[in-house]
Each structure stands twice: as C-alpha cells, then as structure tokens.
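Notes follow the structure.
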Amino acid sequence: MKTILMIAAVLFSGIMMAQEAKPTFEKEGNTIKGTFFHDNGTVSQQGFYNKKGKLHGEWKSYDTTGKKIAMGQYENGQKTGKWFFWEGEKLSEVNYTNNTIASVTTWSNKNDVVMNLQ
C-alpha cells in the first residue's frame, strides 16, 4: 500500500510540475522582454534585459490576482531611482543610489497625500 501511495505522489507531483507556466522572452529593439508567471497562470513579473543579459529598464511585479505590487527601474543589473511597493493600504517609495536603499517614504490611504509638482 505504501508503494502505491508513493508512486501516486510522484506521478501527481510530476503532473503539477508540468503544468507550471514557463517564462517567455521576446526581443524588443535592443532589449529582451521577460515575462514570468505564477502557478495559476497570471503574470508575476515583467521587465527587460539588456544585450549583456542584465536587468535593465522598467520592472513590475504582480500578486496572484494580477494586482501590481512593485514597480521600479534597473540599470545594468542594479536597482536605481525610485521604486514603489504596494501592500494593502500602504504605498512605499524606496529611493536607490548605487543599488543601495538611500531613503524610504511610506504613505497610507488613511493619510492625506501631498504632491509636490514642479
């Protein structure tokens, strides 16, 4: 009986692994656009690679329902500039300098948001 259960478990896990969505890669100009998927088939991450295969340009991450949870920029494989992270009612703005966090600002839907337009 244990042998039958073990065989069934191995077959089931093999079937589940075969159903995982494989990433896709498309050439767009001088970059390669990569799209990665959650197990349920929705997009988990999407962004670009440069000719050297390093992360470059805008990257976005999504939860399993398709809601955006992160967005930012890479430059030759390093995080740069402003990144935004959404979690529940909070939005965090993280500023990167030399691939290191320089500052973090967090807002909540419960607070007023002030915008500085220049």
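Results, tabulated for the structure shown:
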| item | result |
| --- | --- |
| Paramagnetic label zone (point 7 Å from Cα along Cα-to-C-beta, Asn40; backbone N under 15 Å) in region 61-102 | 62-69 |
| Where trypsin sites (Lys or Arg not before Pro) fall in DSSP loop in region 34-104, at most 16 other Cβ within 10 Å | Lys51, Lys52, Lys54, Lys67 |
| FRET efficiency, Lys27 to Asn99 (Cβ-Cβ, R0 22 Å, nearest 0.05) | 0.25 |
| Simple spin-label estimate for Thr64 and Gln78 in nanometres, 7 Å along Cα-Cβ | 3.6 nm |
| Inter-probe distance in nm under a simple model that places probes 7 Å from Cα toward Cβ, at Met71 and Asn50 | 2.3 nm |
| Accessible surface, 1.4 Å probe, highest first, among residues Val43, Val94, Val104 | Val104, Val43, Val94 |
| Area of Leu55 that stays accessible when all protein chains are in place (1.4 Å probe, Å², to 10) | 50 Å² |
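The values are calculated or read from the model by the stated rules, or taken from the named source; none is laboratory data. Quick caveat: nothing in here was measured; it's all calculated off a predicted structure. Cβ: placed from backbone, ideal geometry, glycine included. Neighbour counts: every protein chain shown. These area figures cover heavy atoms from the full protein model, side chains too; ligands, DNA and RNA do not enter into them. Shrake-Rupley method; radii C 1.70, N 1.55, O 1.52, S 1.80 Å.
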